[in-house]
1. Once both labels are modelled 7 Å past Cα along the beta-carbon direction, what's the SER304-THR280 spacing in nm?
2. Sticking with the crude label model, points 7 Å out along Cα→Cβ, report the distance from GLU290 to GLU19 in nm, one decimal please.
3. Quick one: compute the contact order of the chain, relative version, from alpha carbon pairs under 8 angstrom and 6+ residues apart, as a percent.
4. So which residue, out of ALA93, ALA72, ALA272, gets the largest mean-square fluctuation from a GNM of the chain using Cα contacts under 10 Å as springs?
5. Set the Förster distance to 45 Å, then compute FRET efficiency between ALA53 and LYS107 from the Cβ-Cβ distance, nearest 0.05.
6. Charges on Cβ only, +1 for Lys and Arg, -1 for Asp and Glu, centred on the Cα centroid of the chain; of ALA51, THR164, ALA196, which one is farthest towards the dipole's positive end?
7. From the phi angles alone, apply the Karplus equation (6.51, -1.76, 1.60; θ = phi - 60°) to region 157-164 and give each ³J(HN,Hα) in whole Hz, x where the residue is Gly or Pro.
8. By the 4.7 Å beta carbon criterion, which cysteine residues of the chain come out unpaired?
Amino acid sequence: MAAAPDNKVLSSEILRLKEERDAIILAHNYQIGPIQDIADITGDSLELARAAARMEGDVIVFCGVDFMAETAAILSPEKIVVLPAADACCPMAGMITADELRLAKSKNPDAAVVCYVNSTAEVKAESDICCTSSNAVAVVQSLTEDRVIFVPDRNLALYAARFTDKEILPWDGFCIVHDRITAGHVQEARKRHPSATVLVHPECRPDVIDAADHVASTSGIIRYVCSSSDKEFIIGTEIGILHRLNKDCPKKTCHPLSESMVCTNMKKTDLAMVCDALTTLRPRITVPEETAARARRAITRMLSVDA
Ligand code: 13P
Ligand code: SF4
């Protein structure tokens, strides 16, 4: 049996195919190191959505999970969007359906609907505006309504509620990676690294947010570590971010808050899959235009909010 090509061979084949296809590769900060290293842009959900909307090229290879590729397809319907790992999904996005949201809206007709991008295109289509972890507070503050249905992440909803007098009605969804972290994990990590600054993602529970020193999106965490005068950090988000932290801020020491913070869906994409996706232009992600048009309104409204 022939040996599988190594990462060096795959990376140079990907670069060749990228040229041939006029493709760009977008990778989320949680992707495995070799994927981050071949990507044109590595970033958080907001940065990747902005990149998908603005970048030239015929093809977007989205190394992340399904809702991210869907958002790219909605924003750039003229491009071919491929998700190399077909089954890479975000369980949180499955925690609310469009029917459930329609029911919540009918019970609260005066409320605006803010929808975290970690959601399906159908749920986005039922929403007034989207948000990501980096602009959720600004998005809520941008609304004129006094009541806000916030779906699907209850922890992000409760985090945004700290910064507004509006009544926030959180949906009961959550991230299976961040929601299992407790304030006890933070205390244990502080005991292990007493001089370290604790940074956590807003998908964490409220008591974890209270126990941390700073809260930010994945790219917000990277910016904070790189620009801070502190030298040592405990990082309370998915461990894939450590690859970028070590690359972008090599003089800083970053410890994972918990080794258990692994998103298996974000780890499904490898270089061989990217190579296949560029060769076959599959698995392709498309959104029916009737749904896409309504979802696009909510996403572009979000992109116009300064955060
Ligand atoms: P960011 O937008 O902060 O990168 O978060 C995306 C995500 O899925 C976090 O779990
Ligand atoms: Fe979804 Fe959580 Fe994975 Fe982010 S880390 S993609 S919210 S399951």
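What follows is calculated from the coordinates using simple rules that are stated; it is not laboratory data. Predicted, not measured: the structure shown is a model, and the values here were computed from it. Methodologically, a virtual Cβ is constructed for each residue, glycine included, from the backbone with ideal geometry; neighbour enumeration extends over all protein chains shown.
1. With each label point 7 Å from Cα toward Cβ, the separation is 4.1 nm.
2. Here the modelled spin labels are 4.5 nm apart.
3. 23 percent
4. ALA272
5. Step by step, r from the Cβ atoms, then E = 0.85.
6. ALA196
7. Those phi angles translate into 4, 5, 5, 5, 5, 5, 10, 8 Hz.
8. So far as the 4.7 Å Cβ criterion goes, CYS63, CYS89, CYS90, CYS115, CYS130, CYS131, CYS175, CYS204, CYS254, CYS263, CYS275 stand without a partner in the chain.
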